[in-house]
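In what follows, a structure is listed as structure tokens, so that the remarks can point back to it.
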Amino acid sequence: MSTAPPTTAALLQHFRPVFDRIAEQAVAREATRTLAHDAVGWLREARFGALRVPVAHGGFGASVEQLFDLLIELGTADSNLPQILRAHFGFIERLYAEIDPALHGPWLALAGQGVIFGNATTELGDNAIATLQTALTPDGEGWRLDGAKFYSTGTLYADWIAVTARQDEGPSPVVALVPADGAGVERVDDWQGFGQRLSASGTTRFADVAVQPGHVLHYPRNRPTPMTAFFQLVHLATLAGIARAIERDAADFVRPRKRTYSHGSATTPREDPVVQQVIGQLSATAFLAASAVRAVAAGLGEVDRLRADGAPVTEAVLIDVELRAAQAQVGIVDAVLGAATRMFDVGGASALQQDRRLDRHWRNARTLASHNPTIYKARMLGDCVLNGAQPQFYWSVGTKAAA
């Protein structure tokens with residue numbers, strides 16, 4: 001294997017056949033709600049999850065910018081797939097950004113071999129904000145893990161699960177890594193959302209699960225981090241992929257059509273200037289969404305290069321990239337949702353046929369847009385602009401005591 005990181009062209013040449021194969025069955029998987037085990041398997045075989053793993057550990061050594069370019073392409077093929085792998089890539093980035101480098105080796109080696117990491121972070125119920133019920137308790141030299149999680153996206157497809165839990169010895173949560181098929185681990189396909197239906201964002205339960213001492217990773221939650229921007233940007237890259245898919249599917253629908261309206265402006269829809277205008281608007285949205293993702297990815301890439309060079313990553317740099325991610329989110333969400341509705345202006349009732357599943361683009365975009373609600377990000381941006389406020393880097397959900 002070459003010791004040099006690959007070019008973007010080389011990565012695209014390697015992965016595009018896999019993306020094309022995934023796209024061929026995307027509508028069929030959606031129509032039958034067939035979980036994407038085949039698609040994840042093809043990506044695992046191609047070692048897509050090793051993109052950000054250094055060449056020395058068996059990975060591709062790709063840059064942050066290259067990762068997000070490929071996630072946009074994957075999201076164009078099937079928007080479920082980037083979300084399925086969000087926890088995996090987030091775990092790799094967390095190693096770099098927040099975990100002691102001396103502990104990276106075994107996990108990077110696994111990812112380099114094609115292993116996929118899932119997530120078990122969020123809990124349901126009325127816990128107070130920033131508290132967890134899932135807990136590690138001492139067991140000899142190791143630990144025992146007990147608890148239940150929801151929104152554990154991608155975990156049905158994973159080989160290992162990164163579980164956020166409380167540990168009595170420290171004030172901050174820790175990450176416990178457990179094999180997905182280990183004793184006491186139960187993964188349940190009970191995600192009932194109307195969009196991203198194959199993301200496996202359901203329940204994971206842990207009952208007296210053995211955790212080895214070296215499988216508990218500590219990370220700080222009291223200082224600026226690139227991780228919130230990274231996790232948000234995976235959703236935004238997926239939305240940018242959806243925008244491209246909207247442009248593609250709308251154009252594919254229009255090109256062969258012969259039927260038009262008596263009050264249309266041309267003999268065929270593809271020649272109608274009004275229809276051309278709609279396709280042009282969809283194309284512009286796809287371009288703007290991808291451009292915004294790349295702008296944030298460039299900021300994250302700079303953070304990563306500073307870290308790799310041993311240079312300080314200042315608070316100002318991290319605040320800048322966090323604000324970029326929030327600005328991109330607020331701008332992309334409405335634009336892509338609008339495009340997912342506007343695409344139906346290019347045709348009549350035939351565009352509504354269930355076998356086309358064109359509605360999946362709006363449903364999937366709406367589901368992604370509901371994560372880390374945009375209204376709060378817009379408010380935060382306004383507070384920063386007006387009052388010089390600082391962004392909050394660690395988000396959590398739960399009940400909140402009255403002021």
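Structure above, values below:
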| quantity | calculated |
| --- | --- |
| Distance between modelled label sites at A109 and T268, nm, 7 Å Cα→Cβ extension | 6.0 |
| Environment charge of A284, counting only residues whose C-beta is closer than 13 Å and scoring Lys/Arg +1, Asp/Glu -1 | +1 |
| Contact order relative to length of the range 302-373, as percent, for alpha carbon pairs under 8 angstrom and 6 or more apart | 25 |
| Carbon plus sulfur fraction of accessible area for the range 200-345, probe 1.4 Å, in percent | 53 |
| Relative contact order of the range 284-403, defined on C-alpha pairs under 8 angstrom at six or more residues apart (%) | 27 |
| Cut-off 15 Å, label 7 Å out along Cα→Cβ of Y261, residues of the range 342-378 by amide N | 342-352 |
| Length gained when the stretch V188-R221 is fully extended (0.36 nm per residue, less Cα-Cα span) | 9.0 nm |
| Computed over the chain: relative contact order in percent, which uses C-alpha pairs under 8 Å that are six or more apart | 18 |
| Identified option (computed Kirkwood radius over Cα pairs in Å; candidates [x] 20.8; [y] 22.2; [z] 23.0) | [y] |
| Å² per residue, accessible surface of the chain at 1.4 Å | 45 |
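The values are calculated or read from the model by the stated rules, or taken from the named source; none is laboratory data. Bear in mind the structure is a predicted one, so any value in this text is a computation, not a measurement. No Cβ is skipped: glycine too gets one built from the backbone with ideal geometry, and neighbour counts run over all protein chains shown. The accessibility values were calculated without ligands, DNA or RNA, using every heavy atom of the protein model including side chains. Shrake-Rupley method; radii C 1.70, N 1.55, O 1.52, S 1.80 Å.
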